[in-house]
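Below is one structure, written out as structure tokens; the observations come after it.
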Amino acid sequence: MTYVLSPDQAAALRQIGAWYRSRSSPYLTLGGYAGTGKTTLIAYLRKGLREYDETASVAFCAYTGKATRVLQERLKEQRVAVQGDSVSTIHSLIYTSDDAAGALPRWVRKEKLGRDLIIVDEASMVDDAIWQDLLAFGIPILAVGDHGQLPPVGSSFNLMASPMVRLERIFRQEVDSPIIEVATLARESGLLPVRDYGTGVRKIDRNLPETGVMVQELLDSWRPDLMILCGYNATRVKLNQAIREMRDMGSPEPRSGDQVVCLRNNRGKHIYNGMIGRIIRVTPATDENGGQWYEAEIALEGEDYTYVGYIWREQFGAPATIKDVPVAPDGERGDLWDFGYALTVHKAQGSQAERVLVFEERFARSSEEDWRRWLYTAVTRAQLELTVVGPSIDASAE
């Protein structure tokens, strides 16, 4: 490596090294904004660990398959791979499938991992139950995340609420990145001027006639590498309907090939809020009380297993997540999925895409800090291209 660590990176590395050697606490949290070099620091940490103990092995992991794939790409870019290390989802790392003949897999925690350090990326996504399972192995854990992002939805547990170690200085070479420029504006002011920021990165005024044409072209060109984000569930439902109509899937019934998103955790089946999947097969079914279900098999993006179970029919196209769901025909808890071509920003945490289209939608009751976190989280999902559709600065200030 020819890169020289910045002073705050060097200080953070010393803190992490001292913690690992002393084992003064079971875990350490590292928070860093986009562009502050978290992945570079992790690469230096892995190199230092090799010098400290050449036999030490590291388990790199993230909450979802999509986040794991992003982590794997970044580690490959930094040439961090060491024999004996692993990169996986958290569930693949710490759980194993206990298959009974003819039954759905039952996931149980492994007895041991055989690793000397666990590094969890996108740690703000980790819920309390999984965190306790991670800690149960007694292996030091470095939890890494972006403390500028939104906190987890519907939970008071947030590993990144107050990181023990922080990176907040943006690299000089990153300042020239148009996505980092937009992200910094979002985080610091919550205001994005309407203009081109660089190749493929722009904000367009939603009130201009030509904006509708631009948006239509983007929706027409939908591919899995395009992430469409909004604030309101009502907007999400309309966008999903429009995209499905363009793809000749305009029926309200889900079909084989539809992209879907999980809306509720089910730890027993290892599906989590925000997981993206593609329907392999789907068949209408009813319970003994006449409740409407689909029996579905769903290929989960980035995962090494598929979902099989009953999903609630009325959730598809519903304006909000349904709370009162009856027991499924198999006597177990049924699951909630919906079309996943467009997502709310909360559902997209931990994921990234080459192209991202963001519709700025501010909730009436959101605080200034909440709004900045929402906008920052949205724009930092983009890897190469970013289009933000929203009001001009003057309209934002009104």
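Taken over segment 141-184, the residue count meeting the criterion of being surrounded by fewer than 19 Cβ atoms within 10 Å (Cβ to Cβ) and within 13 Å of Tyr27 (Cα to Cα) is 1.
Examine segment 67-77 for a residue that is modelled with pLDDT of 80 or more, more than 24 Å from Tyr307 (Cα to Cα) and within 16 Å of the chain's Cα centre (by Cα), and state whether such a residue exists. Yes, segment 67-77 contains a residue that is modelled with pLDDT of 80 or more, more than 24 Å from Tyr307 (Cα to Cα) and within 16 Å of the chain's Cα centre (by Cα). Here is the figure for segment 290-312: residues that are part of a strand (DSSP E or B) and small (Gly, Ala, Ser) total 3.
Would you point out which residue out of Glu332, Glu368 is open to solvent by 20 Å² or more (accessible area, probe 1.4 Å) and closer than 24 Å to Tyr63 by Cβ?
Criteria check complete, one pass: Glu332.
Take the conditions open to solvent by less than 30 Å² (accessible area, probe 1.4 Å) and in contact with a Leu (Cβ under 7 Å, 6 or more places away or on another chain) and apply them to Val201. Does it pass? Here the answer is yes, as Val201 does meet what is asked. The condition of being within 23 Å of Ile279 (Cβ to Cβ) and of a type in the set (Asp, Glu) holds for only one of Asp335, Asp370, Asp324, that being Asp335. Just one of the listed residues (Gly250, Gly309, Gly290) is without any contact (Cβ under 8 Å) to a residue 12 or more places away in the chain and farther than 25 Å from Asp225 by Cα, namely Gly290. For segment 270-286, filtering for residues that are open to solvent by 20 Å² or more (accessible area, probe 1.4 Å) and touching a Leu at 6+ places or on another chain (Cβ under 7 Å) leaves 1.
Annotation: of all residues in segment 233-254 being modelled with pLDDT under 95 and in a loop (DSSP other than H, G, I, E, B), the one that is surrounded by the fewest Cβ atoms within 10 Å (Cβ to Cβ) is Asp248.
Once segment 336-355 is narrowed to residues that are in a strand (DSSP E or B) and open to solvent by 10 Å² or more (accessible area, probe 1.4 Å), the residue that is modelled with the lowest pLDDT is Glu354.
Residue-level analysis places Val282 outside the set of residues that are within 27 Å of Val108 (Cβ to Cβ), at pLDDT 90 or above and either assigned to a loop (DSSP other than H, G, I, E, B) or not basic (Lys, Arg) (or both).
The values are calculated or read from the model by the stated rules, or taken from the named source; none is laboratory data. This one's a predicted model, so the numbers in the text were calculated from it and none came from an experiment. Cβ atoms come from the backbone with ideal geometry, glycine included; neighbour counts cover every protein chain shown. In case anyone asks, the SASA skips ligands and DNA or RNA and just uses the protein heavy atoms, side chains included. Shrake-Rupley method; radii C 1.70, N 1.55, O 1.52, S 1.80 Å.
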